[in-house]
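Notes follow once the structure below has been shown.
The values are calculated or read from the model by the stated rules, or taken from the named source; none is laboratory data. Since the structure is predicted, the reported quantities are computational estimates derived from the model, not experimental observations. Note: ideal-geometry Cβ built from the backbone for every residue, glycine included; neighbour counts use all protein chains shown. Keep in mind that these areas ignore ligands, DNA and RNA; they rest on the heavy atoms of the full protein, side chains included. Shrake-Rupley method; radii C 1.70, N 1.55, O 1.52, S 1.80 Å.
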Amino acid sequence: MRIIAHRGYSSQAPENTMAAFERVAAAGFKALELDVQMTRDSQVVVIHDETIDRTSDGQGLVKEHSYEELTQYDFGAWFGRSFAGERLPLLADVLDLVQDHDLWVNVELKTGAVAYPGLEDKVITMIRSRDLGDQTLISSFNHYSLKAIKELWPELPIGVLYMAGLYEPWNYARTLGAEALHPYYVGLTPELVRSTKAHGLLMHPFTVDKPADIQAVIASGADGIITNYPERVQDALAEKP
Ligand code: G3P
Ligand code: MG
């Protein structure tokens, strides 16, 4: 089972920072998830929210700042004093780390609330130039973004993010040419996982943190698990009879 560290090792370090991504590799994990948005000057940056308010000492929308403006803010101190000085990462910097440590990365395009024209193209160019196509999966709650990715690069795997209890989601996934389903884990059943796999799709539920839920997802036969606590998944897998 692929253990995918959500926003990096975000239970140990501030989410979506280099500190969080470096800790994934340092702890020996092999896969991470991150979120991307775009600055006013069209730089692809790694941040979950549309604004910098929650995770920095600054304020305002990502899209209203230039990247240089955003580098002035602290993205670590909110999590803990020892992380003060963490800066907003560029996707390019994280992809370099992925390449250096031979990791697997799930890039989530945060194109739900703000439209970022050209984001899909920029992300693809960065993945291509590093030859990371076999180590990358693109996901999004905005399935138009996923379709745009498929039109630009048909072989690059995409994962369909969703919250609802979709009926026979593999049928919908086929309309996008998707390789994976990324559902909210609540409501996941072994039957759903079995059918998903029988239709040739990967199942990667998110964001599974409680030990009992981790056990249930492992028992369901899912291919991967997106979690803030990768060590809990590792421990549960080690204990599996
Ligand atoms: O990609 C899985 C998960 O990250 C989706 O939700 O809000 O944590 O980006 P969110
Ligand atoms: Mg995400």
Filter segment 89-127 for residues that are assigned to a loop (DSSP other than H, G, I, E, B) and within 16 Å of the chain's Cα centre (by Cα); the one that is nearest to ligand 1 (Cβ to nearest atom) is Lys110
Restricting segment 187-210 to residues that are small (Gly, Ala, Ser) and open to solvent by less than 80 Å² (accessible area, probe 1.4 Å), the one farthest from Ser140 (Cα to Cα) turns out to be Ser195
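Do we find that Leu32 is farther than 30 Å from Ala219 by Cα and either open to solvent by less than 10 Å² (accessible area, probe 1.4 Å) or more than 15 Å from ligand 1 (Cβ to nearest atom) (or both) in this structure?
No.
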Somewhere in segment 7-24, is a residue of a type in the set (A, V, I, L, M), more than 13 Å from ligand 2 (Cβ to nearest atom), modelled with pLDDT of 95 or more and within 15 Å of Trp104 (Cα to Cα)? yes
Any chance segment 164-181 includes a residue that's within 16 Å of ligand 2 (Cβ to nearest atom), not in a helix (DSSP H, G or I) and not polar (S, T, N, Q)?
yes
Would a scan of segment 211-223 turn up a residue that is at pLDDT 95 or above, buried (at least 22 other Cβ atoms within 10 Å of the Cβ) and in a strand (DSSP E or B)?
no
Taking segment 54-68 and keeping only residues that are part of a loop (DSSP other than H, G, I, E, B), open to solvent by 20 Å² or more (accessible area, probe 1.4 Å) and not charged (D, E, K, R), one is left with Gln59, Gly60, His65
Considering segment 224-241, residues that are without any contact (Cβ under 8 Å) to a residue 40 or more places away in the chain and in a loop (DSSP other than H, G, I, E, B), and then whichever is nearest to the chain's Cα centre (by Cα), we arrive at Lys240
